[in-house]
1. Which of the residues that make up the range 28-58 are in contact with a helix residue (DSSP H, G or I) (Cβ under 6 Å, 6 or more places away or on another chain), in contact (Cβ under 8 Å) with a residue 60 or more places away in the chain and surrounded by fewer than 22 Cβ atoms within 10 Å (Cβ to Cβ)?
2. Criterion first (out of contact with any helix residue (DSSP H, G or I) (no Cβ under 8 Å at 6 or more places or on another chain) and either within 30 Å of residue 162 (Cβ to Cβ) or at pLDDT below 90 (or both)) does residue 307 satisfy it?
3. Please determine whether any residue of the range 233-254 is out of contact with any strand residue (DSSP E or B) (no Cβ under 8 Å at 6 or more places or on another chain), in contact (Cβ under 8 Å) with a residue 24 or more places away in the chain and closer than 30 Å to residue 152 by Cα.
4. Against the condition assigned to a helix (DSSP H, G or I), more than 28 Å from residue 343 (Cβ to Cβ) and not assigned by TED's automatic domain parsing to the domain that holds residue 132, how does residue 231 come out, does it pass?
5. Outside any strand (DSSP E or B) and free of Cβ contacts under 8 Å to residues at least 12 places away in the same chain - does that describe any residue in the range 5-24?
6. One residue is enough: does the range 124-145 have a residue meeting the conditions at pLDDT below 85, over 43 Å from the mean Cα position of the chain (by Cα), closer than 30 Å to residue 308 by Cβ and crowded, with 20+ Cβ neighbours inside 10 Å?
7. Return the total of residues in the range 129-149 being touching a residue at least 60 places away in the same chain (Cβ under 8 Å) and in contact with a strand residue (DSSP E or B) (Cβ under 6 Å, 6 or more places away or on another chain).
């Protein structure tokens, strides 16, 4: 029978998002951290670890400090040959709770260690970054052949494991996480060193406080960040794939609608629902793209820090493979999302080009009509006056004719000037354009009634009102169509890189 490990210790680490603990009052994660601290206090962890560290838990409400290590609470209980400690700290965007129970200069069965720190954990899964349970001890030698017998001494012995060496003196077994349906750590490790490896184990797992966090605690923190980003990516992948497929389908349908026959303005108006769908999809793609780039930066930094802490060739195989998969998958998703974003922006730009071209052609035709009509009126009146020409029109139509010419002369310059300076249907006070067109329609209706009948004044007034209303409604309908077209393409014509 193999002897139990000397100087056994159990380390428990909880990593949570700092925002969920420090940014608001009475959040579930803040309450869970406080409950862990109270449990440690009930186990007589009340003494100071280091004089500059607070012995009472101090959780700020302003988000804390996002820079270097900030200890929020630290307490311990010392007894002959036994040590228990709790440390609550903030490291950038993570708040961590580390609990240590260690035997010094002796041995103790694993079943007598307290590993139920998650039994009453109430923080939601979305706030968690990771939890780790580590069994540490000294064996006769750190050889892999000793692992099966040593692991059988655990309360929940594993049936499979993988090994890696963070240093030549140490051997770590990666154990399966908690069984389905049971609350426990996301990651379980079993670390041993030889009889003469006590100093190495202390430097890696239970560093003296004045030296900062132990190296392996920092390793586990970066590994938890990497695993958290991998879980976030896995959860986001179905939504990303669905959005990419939908945007590809919608852009193809929109492109076909814009390439159909017919006036450009009519094509855009028919494609308006598709434009709305493409723009909504493009916005979702831009959001996913920002998330993917942020995850890639965090994962890349975590992979780099893991290699810095233990050396490129000594990173755990599970962490190395997970980091490689996560970074490759993030690069692939970023490429797909960027391609879809560009495609959606290009189709939106095509619709905007169609509408702008239609508006420009309308402005050009309006300018040409203004110049032509005003020049013709001026030339005709000048020639008639110079030659003394009397037009073959009844004298009763002179008044309506002068009114019609004046209305045209008023409407054309005003409308053309406002269209040119006010970017078409987006200009202010479009009622002015409608009023000018309505005035022209009223003059035309008066002229027609006077030319044809000139029987009753009320009939002339009715024809003028009818002509004005009809012309005003036509102008308003036209402006509304242009506004719809511009509003449909405006969101899609923008771009976010």
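1. Passing the criteria: 49, 50.
2. For residue 307, the condition - out of contact with any helix residue (DSSP H, G or I) (no Cβ under 8 Å at 6 or more places or on another chain) and either within 30 Å of residue 162 (Cβ to Cβ) or at pLDDT below 90 (or both) - is met.
3. Within the range 233-254 (the criterion being out of contact with any strand residue (DSSP E or B) (no Cβ under 8 Å at 6 or more places or on another chain), in contact (Cβ under 8 Å) with a residue 24 or more places away in the chain and closer than 30 Å to residue 152 by Cα), the answer is no, since none of the residues qualifies.
4. yes
5. There is no residue in the range 5-24 that is outside any strand (DSSP E or B) and free of Cβ contacts under 8 Å to residues at least 12 places away in the same chain.
6. Yes.
7. Residues that pass the stated criteria total 11.
Residue-by-condition table, conditions (1) in contact with a helix residue (DSSP H, G or I) (Cβ under 6 Å, 6 or more places away or on another chain); (2) at pLDDT 85 or above; (3) under 18 Å from residue 309 (Cα atoms):
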{"residue": "157", "(1), (2), (3)": "yes, yes, no"}
{"residue": "162", "(1), (2), (3)": "no, yes, no"}
{"residue": "165", "(1), (2), (3)": "no, yes, yes"}
{"residue": "194", "(1), (2), (3)": "no, yes, no"}
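The values are calculated or read from the model by the stated rules, or taken from the named source; none is laboratory data. Bear in mind that the values here come from a model prediction, so they are computed numbers and not experimental data. Reconstructed Cβ throughout: ideal geometry from the backbone, glycine too, with neighbour counts over all protein chains shown.
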